[in-house]
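Read through the structure below, which is laid out as structure tokens, and then see the notes.
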Amino acid sequence: MATEHLINELQSFGIRLAAPGSAGVTRRGGAGPSDHVPVTIDGMTVMAPVHNAPAFESPYLAEKPNAQGRTRLSRDGVTIGDISFTARPRFYDRVTADGVPYSHIATLHGRDVLATTVLQTCIRYQSRVKTCQFCSIGHSLAAGRTVERKTPSQLAEVAKAAVELDGVRHMVMTTGTPPGPDRGAAILAESARAVKAAVDLPIEAQCEPPDDDAWFVRMKDAGVDSLGMHLEAVSPAVRARVMPGKAQVPIERYFSAFEAAAPIFGRGQLSTFILAGLGDSAAEILDICERLTSIGVYPFVVPFVPISGTPLESHPAPTPDFMHAVLEPLAAMLAKTGLQSNEIKAGCGKCGACSALSTYERKTGK
Ligand code: SF4
């Protein structure tokens with residue numbers, strides 16, 4: 001099976017674990033996609049669901065690790081190959097000067113990304129009516145796996161250790177949306193400034209478009225290298241249904257924000273998450289990607305992962321065929337417009353583990 005199809009299948013179906021607890025670093029709760037783990041196959045690290053409902057019925061099975069620590073992956077009983085799960089990073093064993101475990105401040109994503117949700121609460125998460133239906137930002141907080149507000153000095157301390165102990169190469173800072181008009185840009189800027197003062201680590205910040213475009217210069221000056229402003233869903237009907245609060249920010253505001261931010265961050269350093277499988281058609285997703293790529297924004301299209309405990313926990317993940325129908329033409333579009341994941345300085349598009357898109361890009365570029 002071609003690698004990109006295998007990734008699509010693993011991300012749609014998930015992986016059953018013969019030995020629960022064998023999956024190394026796990027990611028449960030948090031903003032955006034969750035409930036999945038980094039799996040390395042053929043030298044590539046991808047995120048695959050293991051904790052959600054589809055994974056329990058997946059045709060893919062990760063067998064018990066053998067004596068050498070190797071884990072065999074099979075599909076319906078047929079061996080596919082060896083995989084490995086990411087080992088617990090060393091920085092997880094540390095505790096901050098003020099007594100908080102480092103793993104409650106930031107976590108390892110993919111192979112070499114340090115990720116944090118600077119503010120673990122969100123104005124949109126307060127009510128069932130407004131919450132983004134796919135998001136689990138409150139879960140890890142309720143479960144005591146994180147703290148609500150990571151201070152700049154805690155982030156700096158953890159980032160430095162993650163670089164020194166585990167070779168982390170870039171950092172993603174996302175945030176729940178606070179009540180103020182800056183939509184989180186202010187706390188991201190102060191966090192980036194503190195991290196950059198402690199360690200040389202490329203940073204992607206992720207937030208809603210702030211009310212004032214002056215925040216783009218402030219974030220850049222503070223040390224943010226790349227910026228993600230996430231559309232998630234693209235058509236008016238799907239936006240209103242799955243993210244009723246966030247849908248109040250019109251798509252056109254995202255575009256005006258991208259246009260204002262482009263000269264500051266540079267072509268290819270802006271990106272947006274698009275969750276495929278929530279109801280937008282392939283044509284609707286590709287249409288908006290056409291607009292995004294034409295202004296230098298990298299559309300990071302990922303398969304929607306149903307997360308346990310969210311209103312969409314029973315919503316199906318997209319089929320591998322649907323992902324193929326989106327990602328193959330999208331990779332061609334990226335090649336035509338000269339946008340490349342590996343030229344992004346930091347962040348999800350660069351990491352790429354949540355989607356097969358970068359694998360399609362490599363194939364298209366051959
Ligand atoms: S693509 Fe983003 S959310 Fe997914 S593993 Fe990488 S850093 Fe984390």
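The values are calculated or read from the model by the stated rules, or taken from the named source; none is laboratory data. Small disclaimer: the values here were computed from a predicted structure and weren't measured. Cβ atoms come from the backbone with ideal geometry, glycine included; neighbour counts cover every protein chain shown. What goes into the accessible areas is simple: the full protein's heavy atoms, side chains included, and nothing from ligands, DNA or RNA. Shrake-Rupley method; radii C 1.70, N 1.55, O 1.52, S 1.80 Å.
In whole percent, what relative contact order does the chain give with Cα contacts below 8 Å and a gap of six or more residues?
17
Output ³J(HN,Hα) for the range 283-291: one whole-Hz value per residue in order, computed from phi by the Karplus curve 6.51 cos²θ - 1.76 cosθ + 1.60 with θ = phi - 60°, and x for Gly and Pro.
5, 5, 5, 5, 4, 6, 5, 4, 5
By DSSP, what percent of the beta bridges with both residues in the range 3-365 are antiparallel, rounded to the nearest 5?
50
From the backbone phi of the range 142-153, what are the Karplus-calculated ³J(HN,Hα) couplings (6.51 cos²θ - 1.76 cosθ + 1.60, θ = phi - 60°) in whole Hz, Gly and Pro given as x?
4, 7, x, 8, 8, 10, 5, 10, 8, 7, x, 6
Whenever you get a sec, compute what percent of the accessible area on the chain sits on carbon and sulfur atoms (1.4 Å probe).
It is 53 percent, rounded to a whole number.
Given +1 on the Cβ of Lys and Arg, -1 on the Cβ of Asp and Glu, and no further charges, what dipole in debye does the range 3-365 carry about its Cα centre, rounded to the nearest 20?
With only Lys, Arg, Asp and Glu charged at Cβ, the dipole is about 620 debye.
Per residue of the range 172-183, what does 6.51 cos²θ - 1.76 cosθ + 1.60 with θ = phi - 60° give for ³J(HN,Hα)? Whole Hz please, x for Gly and Pro, Karplus curve as stated.
Along the range 172-183, the couplings run 10, 10, 10, 7, x, 8, x, x, x, x, 7, 6 Hz.
Which of Lys336/Lys363; Lys160/Lys220; Lys246/Lys350 have a Cα-Cα distance over 22 Å?
Table pairs above 22 Å Cα-Cα are Lys246/Lys350.
List the trypsin sites (Lys or Arg not before Pro) within the range 33-123 that fall in a DSSP loop (any state other than H, G, I, E or B) and whose Cβ has at most 13 other Cβ atoms within 10 Å.
Arg70
Based on DSSP H runs of at least 4 residues, each adding -39500 (n - 2.57), what is the mean residue ellipticity at 222 nm of the chain after dividing by all its residues, to the nearest 500 deg cm²/dmol?
So the helix-based figure for the chain works out to -10000 deg cm²/dmol.
Give me the net charge of Leu188's neighbourhood, meaning all other residues with Cβ under 13 Å from the Cβ of Leu188; Lys, Arg count +1, Asp, Glu -1.
+1
Taking only protein heavy atoms into account and a 1.4 Å probe, give the accessible area per residue of the chain in Å².
For the chain, the per-residue accessible area is 39 Å².
Would you work out which of Ala62, Gly277, Ser358 lies farthest towards the positive end of the dipole of the chain? Charges go on Cβ: Lys and Arg +1, Asp and Glu -1.
Value: Ala62.
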